[in-house]
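In what follows, a structure is listed as structure tokens, so that the remarks can point back to it.
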Amino acid sequence: MSSPAQNLVVVLNGPNMNMLGLRQPQLYGRATIDDVEALCAETAEQLGLSIDFRQTNSEGELISWVQECRGRAAGIVINPAGFTTTSIALMDALLSVELPVIEVHITNIHRREEFRQHSYVSKVAVGVIAGLGVGGYALALTAMADLLEDQT
Ligand code: DHK
């Protein structure tokens, strides 16, 4: 029997992602966080994955959620949002769980302000998807499914 951890991908979203659809739609688009969750759920179902989709504005909560993935999940897809460029603690938490991590940004952070371009999360991620809109989440789940398949 397969363990629950084998196909569970935790999709984490950092601060202000609850404002998707309202916040700077010219950059982030009109899709809401609920739309992104629905996209992830649909994509995961097609890929035979389970997902646990979450958003928080709190750095501590995000770190606790990462820690809870150890032994429970097979991989993490994360849009760290504003914590991307600031949180060594988040990077350390991601390292501590020893799981594949894929980083997602809706916008192309490399075309934006310089302060957005350094990511601590990228230091520990298998890969990064940036600038492809909310569709980047579906791409990340597809890449994660391939990664997990290769692991077995
Ligand atoms: C989302 C944010 O909230 C910003 O802090 C990042 C990222 C970019 C995104 O493109 O999804 O700089």
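Quick notes on this one:
- nm² value of the averaged projected area, convex hull over the Cα atoms of the stretch 1-69: 5.3 nm²
- The Kirkwood hydrodynamic radius of the stretch 4-144, based on inverse pair distances between different Cα atoms, is 14.8 Å.
- Take every pair of alpha-carbon atoms less than 8 Å apart whose residues are at least six positions apart; their mean separation over the length of the chain yields a relative contact order of 27 percent.
- Karplus-derived HN-Hα couplings along the stretch 117-125 (A = 6.51, B = -1.76, C = 1.60, θ = phi - 60°), whole Hz, x at Gly and Pro: 8, 9, 10, 5, 5, 4, 5, 10, 8
- Simple label model, 7 Å out from Cα along Cβ direction - L22 to T86, nm: 2.0 nm
- Gained length - R111 relative to S96, 0.36 nm times residue gap less alpha-carbon distance: 2.3 nm
Values in this text are rule-based calculations from the coordinates and carry no lab data. Every value quoted in this text rests on a predicted model; they were computed, and no experiment measured them. No Cβ is skipped: glycine too gets one built from the backbone with ideal geometry, and neighbour counts run over all protein chains shown.
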